[in-house]
Amino acid sequence: DVKVTQSSRYLVKRTGEKVFLECVQDMDHENMFWYRQDPGLGLRLIYFSYDVKMKEKGDIPEGYSVSREKKERFSLILESASTNQTSMYLCASSLARSLGGAKNIQYFGAGTRLSVL
Amino acid sequence: ELKVEQNPLFLSMQEGKNYTIYCNYSTTSDRLYWYRQDPGKSLESLFVLLSNGAVKQEGRLMASLDTKARLSTLHITAAVHDLSATYFCAGTLSNTGNQFYFGTGTSLTVIP
């Protein structure tokens, strides 16, 4: 079974703090994704990565950055946390960019609920 | 960008009844995914629909895809309480690789 592990289930941070959210997958997947989930808005893509040291902006990258130094690990960074970044953050991975259809199912971690006070 | 709209957003139904969740998308999408999310849990893949007319069934859930109408449906037959969850559909654009575009989700509550 694919396992996507997010380092924290709950985080409480103060405005202006630098926040790191970590995600690790154990299935040698090439693709990794960071989403935020807000009520009534569904899942919105923040950043994604198809390879080590590679990143692409999603739909809402402002205020975030990412790092992928190793294939299995994808980090989301909030450079200076703000209250409007209070949300549920979900990490996902999928097998490979060049494949299609069922092989590109995204597997999700349990999520990190971040509160910025 | 692919815009994906689900309706209804909230659905309360009695056990034993049938209902359908609709997923409309804005432009050509070559595949459509359905996910389930239980409260406090992550998203779990339910179905992958890869072509026009595709139909997949698992237990009391059946998903279908009509690419000409840009519509996917998730039909629930004889609902039971265990089906209470939030259901998401997601589409992809072939020219953007593996990026998923999610609908807003449908929160389903099955009442005994």
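So here's what we get for this one:
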read-out: Solvent exposure of chain B as accessible area per residue, Å², 1.4 Å probe; value: 48 Å²
read-out: Segment A:55-95-segment B:1-23 distance, computed between alpha-carbon centres (Å); value: 29 Å
read-out: Average beta carbon contacts from partner chains per residue of A:32-42, 10 Å cutoff; value: 3
read-out: Relative contact order [Cα under 8 Å, 6+ residues apart], segment A:1-41, whole percent; value: 45 percent
read-out: Solvent-accessible area, 1.4 Å probe, carbon plus sulfur percent, for the protein assembly as shown; value: 50 percent
read-out: Mean separation of Cα contacts under 8 Å (6+ apart) over length of chain A, as relative contact order %; value: 36 percent
read-out: Other protein chain Cβ atoms within 10 Å, averaged over every residue that makes up B:51-59; value: 0
read-out: Average partner coverage of B:39-48, which counts Cβ from other chains inside 10 Å; value: 5
read-out: Shielded by partner chains, segment B:69-91 residues - at least 20 Å² of accessible area, 1.4 Å probe, vs chain alone; value: B:Phe88
read-out: Solution diffusion estimate, µm²/s, Stokes-Einstein, segment B:14-58, Kirkwood Rh from C-alpha pairs, 25 °C, viscosity 0.890 mPa s; value: 190 µm²/s
read-out: Per-q log10 I(q)/I(0), segment A:4-116, q = 0.12, 0.14, 0.18 Å⁻¹ (Debye; single scatterer per alpha-carbon; no solvent); value: -0.37, -0.51, -0.84
read-out: When the protein assembly as shown is reduced to its Cα atoms, the Kirkwood hydrodynamic radius in Å; value: 18.0 Å
read-out: Solvent-accessible area per residue for chain A (1.4 angstrom probe, square angstrom); value: 48 Å²
read-out: Chains A and B together, accessible area buried on both sides, 1.4 angstrom probe, square angstrom; value: 1700 Å²
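The values are calculated or read from the model by the stated rules, or taken from the named source; none is laboratory data. No experiment lies behind these values; they were computed from the predicted model shown. For neighbour counting, all protein chains shown are included, and Cβ atoms are generated from backbone atoms with ideal geometry for every residue, glycine included. Note: accessible area is taken over every heavy atom of the protein model, side chains too, but ligands, DNA and RNA are not part of it. Shrake-Rupley method; radii C 1.70, N 1.55, O 1.52, S 1.80 Å.
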